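Asker: Pasting a structure here, questions to come.
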Amino acid sequence: MRASPVIAPSDAEAAFRAAIRSRILVKDGPYGTAIQALGLAEADYRGALDVRSDQKGNNDLLNLTRPEAIAGIARAYAEAGADILATNTFNANAISQADYGTERLVPEINRAAAGIVRAEADAAEARDGRRRFVAGALGPTNKTLSLSPRVEDPGFREVDFDGVKAVYREQVDALLEGGVDFILIETVFDTLNAKAAAMAAMEAEEALGRRVPVMLSMTLTDLAGRNLSGQTVEAFWISVMHVRPLTIGLNCSFGATELRPHVQALAGIADAPLLVYPNAGLPNAFGGYDEAPETTASLIRAWAEDGLINAVGGCCGTTPAHIARIASMVAGLPPRPLPARPPALRLSGLEAAVFA
């Protein structure tokens, strides 16, 4: 990737960097869990839109058809103590929306989502005087650049890098128009997909002539600590550190117990603030999550006491109650000091190789 021109940080970026140096920040929880709890019917998803396919499960579309529901979820997380509020846009890209035949609505969905959360963030700040930051969420899509979907043809890809970058650029542009502070590239199962998203943000930055800070969050697919494209957390960090992310971290994957050794590994090498948001334990036999807020928060407090994190939140199965308890548990604990990065040749394939 080419380097972006030197552009002064925005007020939001400067405020975020100051805040994350002084205390452990709290991110919100997932929209999926909260939306499921609403028990919406297909008609609720569809609303008055002229769409043909069944829309049940298209959570991103609710930004247009049930904005009050999405606003209520964001408000609940803000009131629970979240400093970072993400948009409900995990699948709001043309690749993922193609499953519902709603690709044409991608810009509108993202602008609406950003506007909803921006309004809730500003309202929360007006209520209590504490600034909230809005992160425009980019999910991984359901395509992969690194792996072939055809066992008999390892070289085949359903998408190419420029195409995925263009898909993300459409989403990034709309999120920025809607008023987000940062771009959150989350649940990274394929590092090359994440690089396409990061490059889209960098190109948007150049076009706008203003900083577009990027947050990156990897997800692991096995207890050995690799993502779907095979990289360890150390290799992932080396692959993306040139982006100079506002935060780096892990999300989803497992509960806090299983995620801890991988958090510890990343905390020891990344000279960027570490944001981690685990699931509420491991899923039960029905795919649900049973870990109580007190349990999740206690495990995360141990991370904080050991100096492993700079920001923390919740992923699958967590609720505003989890976020409130996490916020309470980490309050007053110091953020992780950033380690020095001594000069060295750092290379990454599936694993990291460092030559001092």
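Asker: Could you order peptides 55-67, 158-170 by the average number of other Cβ atoms within 10 Å of their residues, highest first? Walk me through the numbers before you get to the answer.
Answerer: Working: 55-67: 21.6, 158-170: 17.8.
With the highest mean Cβ count within 10 Å placed first, the list reads 55-67, 158-170.
Asker: A further question follows. If each residue of separation counts as 0.36 nm, what is the full-extension length gain between residue 347 and residue 23 once their alpha-carbon separation is subtracted? Let's see the in-between values first.
Answerer: Working: separation 324, 0.36 × 324 = 116.64 nm, distance 3.22 nm.
Taking residue 347 through residue 23 to full extension adds about 113.4 nm, to one decimal.
Asker: Residue by residue through segment 131-138, which ³J(HN,Hα) values in whole Hz follow from phi under the Karplus form 6.51 cos²θ - 1.76 cosθ + 1.60 (θ = phi - 60°), with glycine and proline marked x?
Answerer: After applying 6.51 cos²θ - 1.76 cosθ + 1.60, I find 5, 10, 10, 10, 10, x, 7, 10 Hz.
Asker: What's the center-to-center distance, using Cα atoms, between segment 153-190 and segment 21-59 in Å?
Answerer: Segment 153-190 and segment 21-59 have Cα centres spaced 20 Å from each other.
Asker: Separation between the residue 43 and residue 148 pseudo-spin-labels, each 7 Å from Cα along Cα→Cβ, expressed in nm?
Answerer: Placing both labels 7 Å beyond Cα along the Cβ direction yields 4.9 nm.
Asker: If you average the alpha carbon positions of segment 255-280 and of segment 74-122, how far apart do those two centres end up, in angstrom?
Answerer: What the calculation gives is 25 Å, centre to centre.
Asker: Extending each Cα 7 Å along its Cβ direction at residue 158 and residue 14, get the distance between those two points in nm, one decimal.
Answerer: Spacing of the two 7 Å Cα→Cβ label points: 4.5 nm.
Asker: Add +1 for every Lys or Arg and -1 for every Asp or Glu among the other residues with Cβ under 13 Å from the Cβ of residue 284, and state the total. Please report the intermediate quantities before stating the final value.
Answerer: Numbers: positive: none; negative: 290, 291.
Counting the neighbours of residue 284, the net charge comes to -2.
Asker: Tell me, what ³J(HN,Hα) does each residue in segment 200-208 have, in order and in whole Hz, if you take phi through Karplus 6.51 cos²θ - 1.76 cosθ + 1.60 with θ = phi - 60° and put x for Gly and Pro?
Answerer: Couplings: 4, 5, 5, 5, 5, 4, 5, 5, 7 Hz.
Asker: Under 29 Å Cα to Cα from residue 195, which lysines show up? Leave out anything in the same chain fewer than 8 places away.
Answerer: 27, 143, 165
Asker: Could I ask something else about it? Highest mean first, how do 260-268, 24-32 rank when packing is the count of other Cβ atoms within 10 Å averaged over residues? Spell out each step's value before the answer.
Answerer: Numbers: 260-268: 17.9, 24-32: 25.1.
Top to bottom by mean Cβ count within 10 Å: 24-32, 260-268.
Asker: Report the calculated FRET efficiency for residue 331 and residue 285 (r = Cβ-Cβ distance, R0 = 41 Å), to the nearest 0.05.
Answerer: Efficiency at R0 = 41 Å is approximately 0.70.
Asker: Under a point spin-label approximation (7 Å from Cα along Cα-to-Cβ), what is the residue 257-residue 125 distance to one decimal in nm?
Answerer: Placing both labels 7 Å along Cα→Cβ, they lie 4.0 nm apart.
Asker: Need one number: the % of Cα-Cα pairs in the chain sitting beyond the 26 Å mark.
Answerer: Values: 29652 of 63190 pairs.
The calculated P(r) of the chain puts 47 percent of pairs beyond 26 Å.
Asker: Could you compute the FRET efficiency for residue 224 and residue 79, with r as their C-beta to C-beta distance and R0 at 25 Å, rounded to 0.05? Each step should come with its number before you reach the end.
Answerer: Values: r = 38 Å, r/R0 = 1.54.
It comes to 0.05.
Taken together, the values in this text are just the output of simple stated rules run on the coordinates, not laboratory data. In this text, all values refer to a predicted model and were calculated from it rather than measured experimentally. Neighbour counts are summed over all protein chains in view; Cβ atoms, including those assigned to glycine, are modelled from backbone coordinates with ideal geometry.
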